[in-house]
Amino acid sequence: MRFNGLDLNLLLALQVLLEERNVTRAARRLNISQPAMSAALARLRDYFQDDILVAQGRQMHPTAQAQSLAGPVRRMLADLDSLLASSASFDPATTQRTFRMVASDYITAGVIGSLTRRLATVAPRVRLELMLPCEEAAQLVMEGQADLIITPEDFQDPEQPSELLCEERQVVVAWKDNAAMAGPLSEADFQRLGHVAVHVGSNRVPSFADRQLERLGQQRRIDITCGCFTVLPWLICGTERLAVLHERLARQLLAHFPLVMRELPFEFPVMREMIQYHKAREADEGLRWLRHELKAEAARPLS
């Protein structure tokens, strides 16, 4: 289909080329040959009378005009995707749809992992693309590059709709032979022993537990700071270190590592984990189905 002389299929090629900045990778993403992608780039250059991508050393970089096109093209394709999704009926048993989610490794391990086992039966051809949280996560949803974000309530966008996924208690996890864990953990031992903290993303945003501990004025000795929750066992086992994390993930880790779990020795707020999506996608049957499946999985009793 053409509009003002432009083959609209080229807009998707343009978006992927600007994201990948590499003809071979762009071709792989669109499941076409490299010559076909090179031909698409040549047609884009001809239509816009611009190089679109130029080689600088071993890298390709977008031209100024290409950069000015990137945002409008992303938004237009996102709007089109939303229109098609909201108008089409959705059947999980037959759909081949790909859902793109931004979620931490904690949510992936604690909720999405077990959900995928159910989806293998009820929606065998659904594909999931999982992205770790980043500073641009909200923008990814705005531009249609992600269908939803799962995030603590503190970080949700007040301009977009959200739903509660789960409420999560925080607990202390330590190596099973840590002498301080022989009984209930004391506040003195909590403050005396070393801790592993989790800071997420390139901006090193402290986790919910770390932010709340700071707000409560709890003094800790931070021995190690890492970027994700699922590496904690390797940083705790064989040491006296402690980590504060979500009960859901802690119970899963205890099943696979020589760890023990204890209550925090003081009052601590519950974390509210939210599902957020673009308001233009509220009528999307497929996204509504996915949100329901996520909430049902999160509501299962912790083992």
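Being under 23 Å from the mean Cα position of the chain (by Cα) and of a type in the set (Phe, Trp, Tyr), is that true of even one residue in the range 172-184? Can you show your working first?
Initial filter on the range 172-184 (under 23 Å from the mean Cα position of the chain (by Cα)): none.
Taking every residue of the range 172-184 in turn, none turns out to be under 23 Å from the mean Cα position of the chain (by Cα) and of a type in the set (Phe, Trp, Tyr).
Of all the strands (runs of 3 or more DSSP E) wholly in the range 17-109, which have at least 1 residues that are modelled with pLDDT under 80 and either closer than 30 Å to residue 299 by Cα or in contact with a strand residue (DSSP E or B) (Cβ under 6 Å, 6 or more places away or on another chain) (or both)?
Result: 59-62.
In the range 237-268, how many residues are basic (Lys, Arg) and at positive phi? Give the steps one after another, and end with the answer.
Start the filter on the range 237-268 by keeping residues that are basic (Lys, Arg), which leaves 241, 248, 251, 262.
Then keep just the ones that are at positive phi; that gives none.
The qualifying residues number 0.
Residue-wise test of (1) in contact (Cβ under 8 Å) with a residue 40 or more places away in the chain; (2) aromatic (Phe, Trp, Tyr); (3) closer than 27 Å to residue 129 by Cα.
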position	(1), (2), (3)
227	no, no, yes
248	yes, no, yes
264	yes, no, no
276	yes, no, yes
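In the list 244, 231, 196, 205, which residue meets the criterion of being within 18 Å of the chain's Cα centre (by Cα), at pLDDT 95 or above and surrounded by 14 or more Cβ atoms within 10 Å (Cβ to Cβ)? Show your work before the answer.
Working: 244 fails: within 18 Å of the chain's Cα centre (by Cα); 196 fails: within 18 Å of the chain's Cα centre (by Cα); 205 fails: at pLDDT 95 or above.
Unique residue meeting the criteria: 231.
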* Structure fact -> Among (1) surrounded by 14 or more Cβ atoms within 10 Å (Cβ to Cβ); (2) touching a residue at least 60 places away in the same chain (Cβ under 8 Å), residue 257 falls short only on (2)
* Structure fact -> For the range 289-303, the count of residues that are in contact (Cβ under 8 Å) with a residue 12 or more places away in the chain and part of a helix (DSSP H, G or I) equals 8
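Considering only residues of the range 208-227 that are aliphatic (A, V, I, L, M) and closer than 15 Å to residue 243 by Cβ, which is most open to solvent (accessible area, probe 1.4 Å)?
Of the range 208-227, the ones aliphatic (A, V, I, L, M) are 209, 213, 216, 222, 224.
So of that shortlist, the ones also closer than 15 Å to residue 243 by Cβ come out as 209, 213, 222, 224.
Values: 209: 2, 213: 1, 222: 73, 224: 43 Å².
It comes out as 222.
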* Count of residues meeting criterion [under 17 Å from residue 165 (Cβ atoms), open to solvent by less than 50 Å² (accessible area, probe 1.4 Å) and more than 16 Å from the chain's Cα centre (by Cα)] in the range 115-142 -> 1
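The values are calculated or read from the model by the stated rules, or taken from the named source; none is laboratory data. Please read these numbers as outputs of a predicted model, since none were measured by experiment. A quick note on method: Cβ atoms are made from the backbone with ideal geometry, for glycine too, and the neighbour counts reach across all protein chains shown. Ligands, DNA and RNA are excluded from the accessible area calculation, which covers all protein heavy atoms including side chains. Shrake-Rupley method; radii C 1.70, N 1.55, O 1.52, S 1.80 Å.
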